[in-house]
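Scroll down for the structure; my scribbles are underneath it.
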């Protein structure tokens, strides 16, 4: 199969995957599966998917490098735009919850810090989605890359919004923050370490440790819970999986998949070389 056809099929599969959460949410709302608080649940679900797709969009660059598979870079725009659309849906459902009273919505956004930073993140994501086209790349030239660096503070603000909104149940937010730490640390690594197993194991350890420290610090500073209790919870088998453990599991799974792909590629090359030697007579 040609590379262009692979990219076309990958884009189609990505489009379907990106639409599935919205279709599932709409169906569950229609059938009453979201009762008794459909608007609240839909608001949370769209926000969760916006964060998830943001992280996936950031993960595509390291995935393309460590798996050495260039088609992945061709779906990055799709995933980023989808994240922005889910974020817009997140806001619109919140507006619906306020009975479309835009004055109340604007007042709440100004008064509540977590809504303010969430709205700022949304504005940045919408701007990035609008300017993600080839036409805008040509118009903005060198400034296009500078503008799209806004994705990093936008994700950070979205995660802070996630943390504050989660109140004392910050498990999912801490997990997302740990993955974000992995993705940012990968970008800070020297190029020679980004694709090697040594660098990947280092990232796994660092991201896991950051998640542990950040979760304990948040509970201690924001919720007034003894950080040592949170640290001890990571060693309690009855409280698994903790956010840091999930970050470690995802990191190790990525390493295993990289090892599998490289092993299969090496085996394929070896088989091809042996086949050529057996079938082609020396001149």
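Of the residues 267, 181, 256, 204, the single one that is more than 26 Å from residue 159 (Cβ to Cβ), modelled with pLDDT of 95 or more and in a helix (DSSP H, G or I) is 256.
What do you reckon, is residue 259 out of contact with any helix residue (DSSP H, G or I) (no Cβ under 7 Å at 6 or more places or on another chain) and free of Cβ contacts under 8 Å to residues at least 12 places away in the same chain? Criteria not met by residue 259. Could you tell me which residue of the range 123-148 is surrounded by the most Cβ atoms within 10 Å (Cβ to Cβ), considering only residues that are modelled with pLDDT of 95 or more and within 23 Å of residue 181 (Cβ to Cβ)? Going through the qualifying residues, I end up with 125.
Only residues that are in contact (Cβ under 8 Å) with a residue 60 or more places away in the chain and farther than 17 Å from residue 117 by Cα were counted in the range 157-169, giving 0.
The values are calculated or read from the model by the stated rules, or taken from the named source; none is laboratory data. If you're wondering where the values come from, they're calculated on a predicted model, not measured in any experiment. Positions of Cβ are generated from backbone atoms using ideal geometry, with glycine treated the same way; all protein chains shown enter the neighbour counts.
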